[in-house]
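So the structure is just underneath, and the comments pick up after that.
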Amino acid sequence: MGRSVAPEMEGTMVTTAKECMTDDTDRMIESVRDAEALALESVRKFVETVNSIVVDVRDDRLRRKIIDAGVEMTHHFVDASSEFAQKIVAAASDAWAAPESSPEPSE
């Protein structure tokens, strides 16, 4: 049995659903931005910590290697977070664009 919506409500429901999807997308984008900012701040603190601990080393390669590993790890985290958000937004867009698959009621 198909859904029945009063004709005067149909446009309102579509507009409301689109607004909700837009709000959800905006929240997702904001979450990704927050995660990126947090990741950047974490890298800064990590570099400060490494620099404060590895100060007496004459060969800078060890310090650089540790910092590079931390930056690479953070880069992977941000990439994974962004990719996840993109997949969620794409899935929501696909779900919104897909025609309703429920059969029409027969009379």
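A short reminder: the numbers here are calculations on the coordinates, not readings from a lab. Keep in mind the model is a prediction, meaning the values are calculated, not measured. Glycine also receives a Cβ, built like all others from the backbone with ideal geometry; neighbour counts cover every protein chain displayed.
Here is the list for the stretch 33-104: trypsin sites (Lys or Arg not before Pro) lying in DSSP coil, each with at most 14 other C-beta atoms within 10 angstrom of its C-beta, are ARG58.
Normalised by the number of residues in the stretch 11-93, the average gap of Cα pairs under 8 Å and 6 or more apart makes the relative contact order 44 percent. Placing R0 at 25 angstrom, the Cβ-Cβ distance between ASN51 and PHE77 gives a FRET efficiency of 0.70 after rounding to 0.05. Other residues whose C-beta falls under 12 angstrom from the C-beta of ILE88 contribute a net charge of -1, scoring Lys and Arg +1 and Asp and Glu -1. Listed peptides 74-81, 90-97, 22-29 appear in the order 74-81, 22-29, 90-97 once ranked by packing, highest mean of other Cβ atoms within 10 Å at the front.
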